[in-house]
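Notes to accompany the following structure.
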Amino acid sequence: MSEHVTCKELVDFLDDYLEDRLEPPVRRRFEEHLDACPPCRVYLDGYRDTVRLTRSLCDDTDAGPPAAMPETLIRAILDSRRRS
Amino acid sequence: MLSLVDPSLATAEDERRLIAALRAGDDAAYETLVRTYAPRLFPVARRIVASDAEANDAVQDAFISAFKSIDRFSEESSLRTWLHRITVNAALMLLRSRRRRPEQRSIDELLPRFEANGHRVDTGGGWSTAAVEGLEREEKRRLLTRLLDELPDDSRTVLVLRDIEERGTAETAEVLGITPGAVKTRLHRARQALRTLLERELSE
């Protein structure tokens, strides 16, 4: 990685940055870039929001109103057991 | 008997009774199981396969598999967790058995572009956090399902397994038959692509 982190390098290693897997000197260079580059800050916020949004759906088997299942499908599942 | 309305309200004793009835071959217990869980497993399958019809097939496959293995069900996990896992596997199997959708876009067009010197080509945009927080849970689920459909199968499955199902990198690699390094790369690219799709949807 170059002495000054570029936008591309920042994006390439964004997940390592967010998961705190970068060595401290590299992390500092990332933060210097973020301080100087508003578009990369916006990009980082959006990436973080994206991960947060997907993770918020991690266990919704019991959440919310269940999907309406066609009665024909319920019957087909039950019939498949009787046939086996 | 287990509540038909909300399985999270069932007690451990309700569940033990249901499992015993299933193992005894009680038709009513099987009907309770299917009517209680099938509607809740549908969204789990739907995130992995790309149509409602395929999700219905995956749920059906999952129950057929569960019926065959109910005697081997270890009560260390809940029925819900067990069925959830079987459904994910059934959906992945179905996805693998179907031909790749020909209309799938390349993920590259959803990734940020850079000049040769590493600077951004487009400065890009974002969205307000309030735009996401203002969505009801069901709206978020519908939005995400719709956007996940726009990703190629190999990107979508990695994203679902790692970020929604919360499987580890090694387990995801094993399930998909790829290396842990490939899981990391695909996940990062899939998150970037989903970010682009969310930006198009949510930016003002």
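The values are calculated or read from the model by the stated rules, or taken from the named source; none is laboratory data. In this text the structure is predicted, and so the values were computed from the model without any measurement. Positions of Cβ are generated from backbone atoms using ideal geometry, with glycine treated the same way; all protein chains shown enter the neighbour counts. Heavy atoms of the whole protein, side chains included, go into the accessibility calculation; ligands, DNA and RNA do not. Shrake-Rupley method; radii C 1.70, N 1.55, O 1.52, S 1.80 Å.
Key figures
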{"read-out": "Selection within the range B:96-117 - open to solvent by less than 70 Å² (accessible area, probe 1.4 Å) and at pLDDT 90 or above", "value": "B:Ile107, B:Leu110, B:Leu111, B:Pro112, B:Phe114"}
{"read-out": "Scope the range A:1-46; condition in a helix (DSSP H, G or I) and of a type in the set (A, V, I, L, M); matching residues", "value": "A:Leu10, A:Val11, A:Leu14, A:Leu18, A:Val26, A:Leu34, A:Ala36, A:Val42, A:Leu44"}
{"read-out": "Which numbered condition B:Leu18 fails, given (1) part of a helix (DSSP H, G or I); (2) more than 10 Å from every other protein chain (Cβ to nearest Cβ); (3) open to solvent by 20 Å² or more (accessible area, probe 1.4 Å)", "value": "(3)"}
{"read-out": "Among the candidates B:Arg40, B:Arg85, residue that is within 12 Å of chain A (Cβ to nearest Cβ), at pLDDT below 90 and either touching a Lys or Arg at 6+ places or on another chain (Cβ under 7 Å) or open to solvent by 10 Å² or more (accessible area, probe 1.4 Å) (or both)", "value": "B:Arg40"}
{"read-out": "Qualifying position, being within 30 Å of B:Ile64 (Cα to Cα) and within 9 Å of another protein chain (Cβ to nearest Cβ), among B:Leu144, B:Leu176", "value": "B:Leu144"}
{"read-out": "Wholly enclosed helices (runs of 4 or more DSSP H) of the range B:150-204 bearing at least 2 residues under 16 Å from A:Asp15 (Cα atoms)", "value": "B:153-159, B:180-202"}
{"read-out": "Sole residue being in contact (Cβ under 8 Å) with a residue 60 or more places away in the chain, among the hydroxyl-bearing types (Ser, Thr, Tyr) and closer than 27 Å to B:Arg113 by Cα, chosen from B:Thr179, B:Thr157", "value": "B:Thr157"}
{"read-out": "Filtered residues of the range B:179-191 (kept if facing chain A (nearest Cβ under 9 Å) and buried (at least 21 other Cβ atoms within 10 Å of the Cβ))", "value": "B:Arg191"}
{"read-out": "Residue under evaluation B:Arg120, criteria (1) of a type in the set (Lys, Arg); (2) under 13 Å from the mean Cα position of the chain (by Cα); (3) surrounded by 17 or more Cβ atoms within 10 Å (Cβ to Cβ), criterion not met", "value": "(2)"}
{"read-out": "Pick from the range B:44-72, criterion open to solvent by less than 10 Å² (accessible area, probe 1.4 Å) and not β-branched (Val, Ile, Thr), ranking: nearest to the other protein chains (Cβ to nearest Cβ)", "value": "B:Phe63"}
{"read-out": "Residues (of a type in the set (Gly, Ala, Ser) and surrounded by fewer than 19 Cβ atoms within 10 Å (Cβ to Cβ)) located in the range B:22-37", "value": "B:Ala24, B:Gly25, B:Ala28"}
{"read-out": "Wholly within the range B:48-139, helices (runs of 4 or more DSSP H) carrying at least 2 residues that are within 30 Å of A:Thr6 (Cβ to Cβ)", "value": "B:129-133"}
{"read-out": "Unique residue being open to solvent by less than 40 Å² (accessible area, probe 1.4 Å) and farther than 17 Å from A:Cys40 by Cα when the list is B:Leu194, B:Leu198, B:Leu151", "value": "B:Leu151"}
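Table: residues versus (1) facing chain B (nearest Cβ under 9 Å); (2) open to solvent by 80 Å² or more (accessible area, probe 1.4 Å); (3) closer than 19 Å to B:Leu194 by Cβ.
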{"position": "A:Thr6", "(1), (2), (3)": "yes, no, no"}
{"position": "A:Asp15", "(1), (2), (3)": "yes, no, yes"}
{"position": "A:Asp35", "(1), (2), (3)": "no, yes, no"}
{"position": "A:Pro38", "(1), (2), (3)": "yes, no, no"}
{"position": "A:Tyr43", "(1), (2), (3)": "yes, no, yes"}
{"position": "A:Tyr47", "(1), (2), (3)": "yes, no, yes"}
